[in-house]
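Worksheet: one structure, shown below.
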Amino acid sequence: MTMHVHVYERAWMWAAGVIIVLFLGTLAYAAVAQGLRPPSHVEMIDPRTVWDDPRFAERGEVTQADGSVVVTAVAMTFAFQPAEIHVPAGRPVTFRLTSTDVQHGFQIVGTNANTLVIPGYVSQFTTVFKTPGEYLIVCNEYCGTGHHMMSAKLIVEAAP
Ligand code: CUA
């Protein structure tokens, strides 16, 4: 007995198969050819020695000669260090983040600032905050029992 498969059904089965192969191919290409890594920045760090690492010895905001600001912060269960960050409005702000334990998120609610913070890597991105005000920073990757309490505050001050 032969089984009859409708021509459309057969076509869609093939289409689904092709799409799956395409997706896996994209993933394999990103991982192998483009060196897929955690978002934003290719820089490694030993998560066990973050507190001794000169790159994270001083946390907080540092104003550069050109008026831009670099913010260094550490994510850990279940807090950000520092817990309050002050930056000027209208100037480039570069965040440099890492984790001392597990994977965290760093999202500044109401802005486009959002990155993963992965142990072993430094996540870095630059953004400009247009509107002065107080913003909530949340961890948006589930990291344990205190995940929902993991937050910090960003104060965007009107530039002088
Ligand atoms: Cu850290 Cu969720």
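Here is how the numbers come out for the structure above:
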read-out	value
The chain: most fluctuating residue of Ile85, Ile20, Ile45 per GNM, C-alpha cutoff 10 Å	Ile20
Cβ-placed point charges (K, R +1; D, E -1), dipole of segment 43-157 about Cα centre in debye, nearest 20	200 debye
DSSP-loop trypsin sites (Lys or Arg not before Pro) across segment 11-93, with at most 14 other Cβ within 10 angstrom	Arg55
Rh by Kirkwood over Cα pairs, then Stokes-Einstein D for the chain at 1.306 mPa s and 10 °C, µm²/s	88 µm²/s
Environment charge of Ser68, counting only residues whose C-beta is closer than 12 Å and scoring Lys/Arg +1, Asp/Glu -1	-1
Nearest-ten-degree value, helix 7-32 long axis tilted from longest Cα axis of the chain	40 degrees
Signed unit charges on C-beta, dipole axis of segment 43-160, positive-most listed residue Pro119, Thr131, His147	Thr131
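All of the numbers you see were taken from the coordinates with simple rules; none came from a lab. Keep in mind that what you see is a predicted model, and the values were worked out from it rather than measured. Note: ideal-geometry Cβ built from the backbone for every residue, glycine included; neighbour counts use all protein chains shown.
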